[in-house]
Amino acid sequence: MPHLVSLIREDVATVMERDPAAKSRLEVFLCYSGLHAVWFYRVNHWLWNHRFFLAARWLSQVARWLTGIEIHPGAKIGRRLFIDHGMGAVIGETATVGDDVTLFQGVTLGGTGKEHGKRHPTIEDGVVVGGGAKILGNITVGKNCRIGAGSVVLRNVPDNSTVVGVPGHIIFREGKRVVITDPKQIADPLSEALAAVVTEVNKLRERVHRLEGTESGPEPLSAQLQQIMEDIDYQI
Ligand SMILES: CC(C)(COP(=O)(O)OP(=O)(O)OC[C@H]1O[C@@H](n2cnc3c(N)ncnc32)[C@H](O)[C@@H]1OP(=O)(O)O)[C@@H](O)C(=O)NCCC(=O)NCCS
């Protein structure tokens, strides 16, 4: 609580850095509902931790009426959270959000409705969650991940990954294009089919080579196919 003013200063500076639309500190202070919601949350979380549960919940409802953003006072949120636009964003009671996280409007850090105890996600430092994305259950989204707008994420995501789609699947990891082929890791029938086709093509190429009985290896792949094979990281 005594740090609230310095946290507010830091939050305003963060928005000036992250949002090219922000023109002045005063504008950010007055007009950014995402910041207002986080400032309410800081007070509410203090009340919650001091067992003023009803006051904390009631004030979080007031914050929701004013900002359109619902942050449960029991959630654990790090420094410099920026909720851009914000309307419809929901952060559940047992969610944990690290430092330097950005959420857009309509993001849900929620439960699946089936769990008890820790039932909301952990979002690690530096994550960006696109508009409308839903991250559900007691899962962890690793550092510096990017979650695409509209995704529904139901499984752990390793650091430095980009996830899109419903259900969410990884498309980039550590800057490299990824095709996930382990069905236990992420269910993506298209990726599985693609991996099966690639394996089959390789087998056929070997077979043709054997039948031709030539000394040299199989015909080299076309430059385009070669490039695609090299660019893709098949996580088998
Ligand atoms: C996921 C995201 C971070 C990826 O950005 P990127 O790294 O530049 O990736 P690309 O745009 O090159 O897209 C890579 C592939 O993912 C697909 N893709 C990108 N975003 C997607 C999304 N949200 N849902 C589904 N597929 C998506 C692209 O079509 C592309 O597919 P392809 O290679 O088969 O053509 C970005 O698209 C996104 O959704 N950002 C959120 C922004 C947001 O919510 N803004 C709100 C402003 S109000």
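For segment 1-142, the square roots of the Cα gyration tensor eigenvalues, ordered a ≥ b ≥ c, give a/c of at least 1.5 with a/b no greater than b/c, which places it in the oblate category.
A Förster radius of 45 Å, combined with the Cβ-Cβ distance separating Trp46 from Asn144, puts the computed FRET efficiency at roughly 0.95.
So which of Lys114/Lys176; Lys143/Lys203; Lys76/Lys134; Lys23/Lys176 end up more than 27 Å apart, counting from Cα to Cα?
Details: Lys114/Lys176 35 Å; Lys143/Lys203 39 Å; Lys76/Lys134 18 Å; Lys23/Lys176 35 Å.
In this structure, Lys114/Lys176; Lys143/Lys203; Lys23/Lys176 lie more than 27 Å apart at Cα.
Rounded to the nearest 20 debye, the dipole magnitude of segment 1-130 is 400 debye, with +1 charges on Lys and Arg beta carbons, -1 on Asp and Glu beta carbons, and the Cα centre as origin.
Of interest is the spacing of the C-alpha centroids, which for segment 4-63 and segment 73-106 amounts to 11 Å. Taking a sphere under 14 Å around the Cβ of Arg9 and counting the other residues whose Cβ falls inside, with K and R at +1 and D and E at -1, yields a net charge of +1.
Note on segment 27-176: with neighbouring protein chains present and a 1.4 Å probe, carbon and sulfur make up 58 percent of its accessible heavy-atom surface. Amide H contacts for Ile77 (H built 1.01 Å from N in the peptide plane; partners 5 or more residues away or on another chain; cut-off under 5 Å): Val97. Considering only the Cα atoms of segment 77-156, their convex hull presents on average a projected area of 4.3 nm². For segment 144-157, the Karplus equation 6.51 cos²θ - 1.76 cosθ + 1.60, evaluated at θ = phi - 60°, returns couplings of 6, 6, 10, 10, x, 4, x, 6, 10, 9, 10, 10, 4, 10 Hz by residue, with Gly and Pro reported as x. Loop-resident trypsin sites (Lys or Arg not before Pro) (DSSP state other than H, G, I, E or B) in segment 1-96 with no more than 11 further Cβ atoms inside 10 Å of their Cβ: Lys23, Arg51.
The values are calculated or read from the model by the stated rules, or taken from the named source; none is laboratory data. For clarity, every value in this text was computed on a predicted model and none was experimentally measured. Cβ coordinates were reconstructed from backbone atoms using ideal geometry, including for glycine residues, and neighbour counts include every protein chain displayed. The area values use the complete protein model at the heavy-atom level, side chains included, leaving out ligands, DNA and RNA. Shrake-Rupley method; radii C 1.70, N 1.55, O 1.52, S 1.80 Å.
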